[in-house]
Amino acid sequence: MLVVGLMSGTSMDGITAALVDIRDLSEGGGKLKVELVAHETVPFSNELRERLITLSAGGSIPELCVMNFYLGELFADAALRVIEKSGRHRREVQLIGSHGQTVCHLPRGLDAAGKFSRPSTLQIGEIDVIAERTGITTVGDFRPRDMAAGGEGAPLIPYVDYVLFANPERSRVLLNIGGIANVTYLPAGVNLNGVKAFDTGPGNMVIDRIVQEVSGGKKRFDVDGTIAARGEIDQKLLRELMEHPFIHREPPKSTGREEFGESFAIRLFKEARRRGLGPEDLVATVTAFTVESIVENCRRFLGPFEELIVSGGGACNLTIMRWLAERLPGVKVTTTEEYGIPIQAKEAVGFAILAYQALKKRPNNIPAATGAKRPVVMGKVAWGRKRWRNYNF
């Protein structure tokens, strides 16, 4: 089955689309053959990115409503672009899996809501719009079902990591560094029930915002980690950052802009200016914060492993990659590129797989990772123009 996966992460910098050929290798879908056919990244404009960040910090309900449908159009366009790039026709594609854009993630509820508070999450990018514009059945809104079952609705990609990277002889950690960093632990010979996964803390989110501040808005991120490489880490400030309670919280755990977003970064920037910290030193320090929070979580909550396989935008940051290798001696630090999956495409591939399993009515969460009480089928369906009986369940 040809499936398009769509992903926009907490960095809010664009949509990655991946066209994937997925086939069952065993009855019941225990083993899948997954082949990446094509991938494409469609960046958001600076204006759209800023509006999304503002919306996630507390925008209006009418703006949320409008943006839900506007992003649906953009996700649909990204899906059609990757299909065209592949040389295939949309009639050959049977399914789209869309993560949407997270604008709020509250796995512990909201204190201000009082008795009305519930664990909750919200991803926008209306799947009915995607299905209507493309004519292709679309699965989306994956996280709420896991939360309804008592989980945190995150992380979701560990199921995909297990499908793609579990190895009978080698223990591996899959690390994705998007806006937030998360790990999946796959001990040698692990079965699905033995997978551990959780968010470790900030990925690129704080680094990107600090770079924007110190550059006066001229730069959106630290290309190749060159600014951090020139700076000197402020060890006192790093120790204070590492006292953040999320870093030491036991899994299952997930986080987002609510803890490490705009307000966190701006407070940090102002404190660094008060201390007289130079721009390059501040970028180096927050980059070290990302690295140290990953390493601390691996050491505190995971068993031994031989490989750290990195994906996401942070894998392009050469300073992050170098510091990870230095802080994890004896571990092979590499990227998903070595295994045939481009670092920016992995999560889009993941949502293609999650959608495929949802359409087959197969559970696609990992309760041990999210904290859910039971396995559930995550994802809601917006049917395309083909009649449902055309699908081979």
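The values are calculated or read from the model by the stated rules, or taken from the named source; none is laboratory data. Keep in mind the model is a prediction, meaning the values are calculated, not measured. In this analysis, Cβ positions are derived from the backbone assuming ideal geometry, glycine residues included, and neighbour counts consider all displayed protein chains.
Assorted remarks:
- Test: residue in the stretch 11-27 that is surrounded by fewer than 14 Cβ atoms within 10 Å (Cβ to Cβ), closer than 30 Å to residue 261 by Cα and either in contact with a Pro (Cβ under 8 Å, 6 or more places away or on another chain) or of a type outside the set (Asp, Glu) (or both): no
- Residue in the stretch 161-182 that is farthest from residue 314 (Cα to Cα), counting only those that are among the hydrophobic types (A, V, I, L, M, F, W, C), in contact (Cβ under 8 Å) with a residue 40 or more places away in the chain and out of contact with any Asp or Glu (no Cβ under 8 Å at 6 or more places or on another chain): 163
- Only listed residue being within 19 Å of residue 20 (Cβ to Cβ), in the same structural domain as residue 91 (by TED's automatic domain parsing) and surrounded by 15 or more Cβ atoms within 10 Å (Cβ to Cβ), chosen from 372, 368, 355: 355
- Helices (runs of 4 or more DSSP H) completely within the stretch 221-299 that count 2 or more residues being modelled with pLDDT under 95: 257-260, 262-274
- Applying the set (1) at pLDDT 95 or above; (2) buried (at least 24 other Cβ atoms within 10 Å of the Cβ); (3) farther than 21 Å from residue 19 by Cβ to residue 140 leaves exactly one unmet item: (3).
- The single residue among 148, 166, 76, 112 that is farther than 26 Å from residue 376 by Cα and surrounded by fewer than 24 Cβ atoms within 10 Å (Cβ to Cβ) turns out to be 112.
- Flag not set for residue 130, criterion: part of a loop (DSSP other than H, G, I, E, B), of a type in the set (A, V, I, L, M, F, W, C), in contact (Cβ under 8 Å) with a residue 40 or more places away in the chain and crowded, with 21+ Cβ neighbours inside 10 Å.
- Just one of the listed residues (208, 234) is of a type in the set (D, E, K, R), within 15 Å of residue 269 (Cα to Cα), in the same structural domain as residue 288 (by TED's automatic domain parsing) and over 22 Å from the mean Cα position of the chain (by Cα), and it is 234.
- Any pair with Cβ under 8 angstrom, 6 or more apart, that starts in the stretch 9-38 at a residue that is over 24 Å from residue 56 (Cβ atoms) and assigned to a strand (DSSP E or B) and ends at one that is modelled with pLDDT of 95 or more and of a type in the set (S, T, N, Q): 19/86; 37/86; 38/86
- Scan of the stretch 54-71 for residues that are within 20 Å of the chain's Cα centre (by Cα) and not in a helix (DSSP H, G or I), ordered by number: 57
- Only listed residue being in contact with a Ser or Thr (Cβ under 7 Å, 6 or more places away or on another chain), farther than 15 Å from residue 9 by Cα and hydrophobic (A, V, I, L, M, F, W, C), chosen from 130, 136: 130
- Verdict on residue 299 being free of Cβ contacts under 8 Å to residues at least 40 places away in the same chain and more than 24 Å from residue 53 (Cβ to Cβ): yes
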